[in-house]
Structures are given as C-alpha cells and as structure tokens.
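Contents: one structure, followed by commentary.
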Amino acid sequence: MPQRAPSFTYVKLVAAMAMWGGTWIAGRIVAQELSAPLAVAALRFLLAALLMAGVALYAEGGIQVPQGAREWGLIWALGFFGIFLYGLCFFFGLRHIPAGRGALVVALNPVVIVIAAWLTGKEGMTPRKALGSVIALAGCLTVIGNGDPLALLHGSVGLGELLILGCVASWTAYTFIGWQATRTFTPIATTLYASLSGALLLGLAALFQGDIELAAWSWRVWASLLFLAIFGTAIAYTWFTAAVHRIGAGQAAVFINLVPVFAVLQAAVLLDERLGLPVLAGGLLVIAGVWLTTLKKTSLESK
C-alpha cells in the first residue's frame with residue numbers, strides 16, 4: 001500500500017510536470033535554430049544517463065548490470081523506441097508545429113496506452129474508459145487538424161502533426177517494454193540504460209546526419225540542452241519515480257495531465273505562441289478525456 005505522502009511530494013510532482021512541459025519549449029528552440037538537432041538529443045540523454053548513474057550509486061548503492069540476451073534486448077528496445085525514435089519524431093516534429101500544440105497532441109499518450117492494453121488483453125475496458133477515450137480522441141483530432149477534427153480524413157494534416165503522432169506511438173511501445181523491464185530492473189536503472197542506449201543510437205544518427213558544429217551553437221541551444229538533460233530528464237524522472245513509490249502509480253499518473261497545460265503557458269510566455277480557441281478547446285477535450293480514462297474505479301464499477 002502506498003505510504004502517506006507529505007505535501008512536499010506533491011510539490012515536487014507538480015514541479016516535475018512543469019519541467020516536462022518545459023521540454024517542449026526547449027525542443028522547439030533547438031529545432032528552430034539547428035538544421036541537425038540530433039546531436040543535442042544525443043548529448044541530452046548522455047548527460048542524463050551520467051546523472052542517473054550518480055543517483056543509482058547514491059540511492060541504490062550500485063548499478064544493476066544486464067544479464068543475458070533477453071535483458072540486453074529489453075535495454076536496446078527501450079532505447080530505440082523511448083529515446084531514439086521518440087527523439088526523432090520530437091525534434092523534427094517541432095520544426096513544423098508550435099510547442100504548445102505538439103504537447104496537446106502527446107497528451108493523448110495515457111489514452112492510447114489504455115486502448116493498447118485493452119486490445120492486447122492486459123487490462124479490461126469499462127464504459128468510463130471507453131467514453132474518456134472517445135472524448136480524448138475527438139479532442140486530439142481537433143488539435144491535429146488545427147481546429148478541424150475531420151482534417152485527418154481528407155489529408156490536410158501536415159508532416160509535423162504526423163511526426164508528433166509518432167511520439168505517441170513510440171512512447172506507447174516504450175511503456176509496454178518498460179513494464180517488462182521493471183520486473184528485472186529498478187526504475188532508476190531502467191531510465192539509466194534506456195538513456196544510454198538511446199544516446200548511442202542518436203549519436204550514430206547525428207554522425208550520419210552531419211553538420212555538427214558545437215562552437216556555432218547559441219547560448220539558447222546550450223541552455224536548452226542543459227535544461228533537457230538536467231531538469232527535463234534526470235530530476236523530473238527521479239521525482240516522478242519517487243512520487244510513484246510514495247503515492248502510487250495511478251495517483252501520480254493523473255498529474256501528467258498538467259504537462260500540456262504547463263507547455264501551453266510556457267510557450268505563450270517564452271515563445272509568444274498563441275493557439276486558437278478551437279485548438280485550445282480540443283486540448284481541453286484531450287485533458288478531460290485522459291482524466292476520465294485514468295480516473296480510479298468508482299464503487300459502482302468495482303461491484
């Protein structure tokens with residue numbers, strides 16, 4: 001049973017959501033200023049892995065070492081889907097659409113995971129989950145279509161929107177692989193190895209892409225890199241993991257609904273992004289649908 005958590009746990013949890021919202025602003029800055037952003041992505045996760053290694057040594061007294069082909073396969077699968085493929089879709093998608101709008105699309109993650117878990121027989125489906133999924137999908141289609149929920153059907157959705165949908169698909173795969181990995185590894189070790197393997201794949205892709213001139217990077221790019229590595233990955237992941245242990249995964253996951261809210265607010269202040277009312281309305285539908293889908297069972301449903 002989760003322990004009773006002090007209010008400071010919730011403060012850190014909300015702060016972690018604000019950091020994750022900020023990753024969309026940092027990613028947008030990098031995507032706009034660099035023609036080859038993959039080097040930033042590789043360095044982000046390399047630095048994050050080093051920080052996570054320090055956390056593992058301090059908090060767990062050592063770092064778990066993968067044993068056998070199955071465990072190494074899980075590590076590389078985590079790095080490929082959750083870091084490498086997600087990073088490609090994230091940075092190249094943010095070249096084409098605003099940060100706040102991208103975050104509203106990715107807010108669909110929990111609903112897609114619920115649907116995938118139902119289709120694979122891992123979890124059941126209830127009327128409440130089904131209703132929440134429909135509401136969230138309607139909202140997501142509105143955001144993707146820039147106010148037109150039917151835009152996807154008549155082919156007027158751009159490359160940026162499709163790439164951000166790729167973020168949703170890759171994160172869903174990462175989540176299911178992570179469920180398998182955490183049966184063997186601690187959450188800190190899982191994040192550490194996923195970051196390391198993903199950083200290596202991104203580094204190879206960056207070398208293939210070329211045009212890596214670290215000296216030409218502006219202070220905004222370097223600041224974004226440090227924010228992504230330190231705050232957006234190492235600290236936010238650690239605080240979220242700690243909150244899961246203190247208050248339970250279900251209660252902690254509800255706070256993820258705050259990520260697109262923080263992203264939209266920060267994008268308005270820092271990037272002067274202004275999303276139209278139809279897009280914001282679609283975003284509210286996504287958040288409402290996700291909240292309904294991830295809501296704990298009522299006493300009526302549990303009977």
Legend entry - Cα convex hull volume per residue for the chain (Å³): 149
Inset, instruction - Could you tell me what percent of the accessible area of region 16-142 is made up of carbon and sulfur, with a 1.4 Å probe and every protein chain present? - result: 71
Legend entry - For the chain, size of Cβ-based charge dipole, Lys and Arg +1, Asp and Glu -1, in debye: 880
Legend entry - Mean accessible surface per residue for the chain, computed with a 1.4 Å probe while every protein chain stays in place, in Å²: 47
Legend entry - Full-stretch length increase - residue 116, residue 204 - with 0.36 nm per residue and alpha-carbon distance subtracted: 28.6 nm
Legend entry - Per-residue ³J(HN,Hα) for region 107-118, Karplus 6.51 cos²θ - 1.76 cosθ + 1.60, θ = phi - 60°, Hz, x for Gly and Pro: 4, 6, 3, x, 5, 4, 5, 4, 5, 5, 5, 5
Inset, instruction - Consider all pairwise Cα distances in region 1-134 and report the whole-number % of them above 27 Å. - result: 42
Legend entry - Between region 67-104 and region 184-217, the Cα center-to-center distance that results, in Å: 10
Inset, instruction - Sum up the charges of everything whose Cβ sits under 13 Å from the Cβ of residue 220, counting Lys and Arg as +1 and Asp and Glu as -1, but leave residue 220 out. - result: 0
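Rounded to the nearest 0.05, what FRET efficiency do residue 64 and residue 96 have when you use their Cβ-Cβ distance and R0 = 35 Å?
Working: r = 39 Å, r/R0 = 1.12.
The computed FRET efficiency comes out at 0.35.
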Legend entry - Using θ = phi - 60° and Karplus 6.51 cos²θ - 1.76 cosθ + 1.60, couplings along region 223-228 (whole Hz; Gly, Pro as x): 5, 5, 4, 5, 5, 4
Inset, instruction - Considering the options 130, 196, 31, tell which one lies farthest towards the positive end of the dipole of the chain, charges being +1 on Lys and Arg and -1 on Asp and Glu at the Cβ, about the Cα centre. - result: 130
Inset, instruction - Can you send over the solvent-accessible area of residue 11, 1.4 Å probe, protein chains only, in Å² to the nearest 10? - result: 80
Inset, instruction - Extending each Cα 7 Å along its Cβ direction at residue 215 and residue 128, get the distance between those two points in nm, one decimal. - result: 6.1
Inset, instruction - Over region 1-113, calculate the relative contact order: mean separation of alpha carbon pairs under 8 Å at least 6 apart, over the residue count, as a percent. - result: 44
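The values are calculated or read from the model by the stated rules, or taken from the named source; none is laboratory data. Predicted, not measured: the structure shown is a model, and the values here were computed from it. Glycine gets a Cβ as well: all are built from the backbone with ideal geometry, and neighbour counts include every protein chain shown. Areas reflect the complete protein model, heavy atoms only, side chains present, ligands, DNA and RNA absent. Shrake-Rupley method; radii C 1.70, N 1.55, O 1.52, S 1.80 Å.
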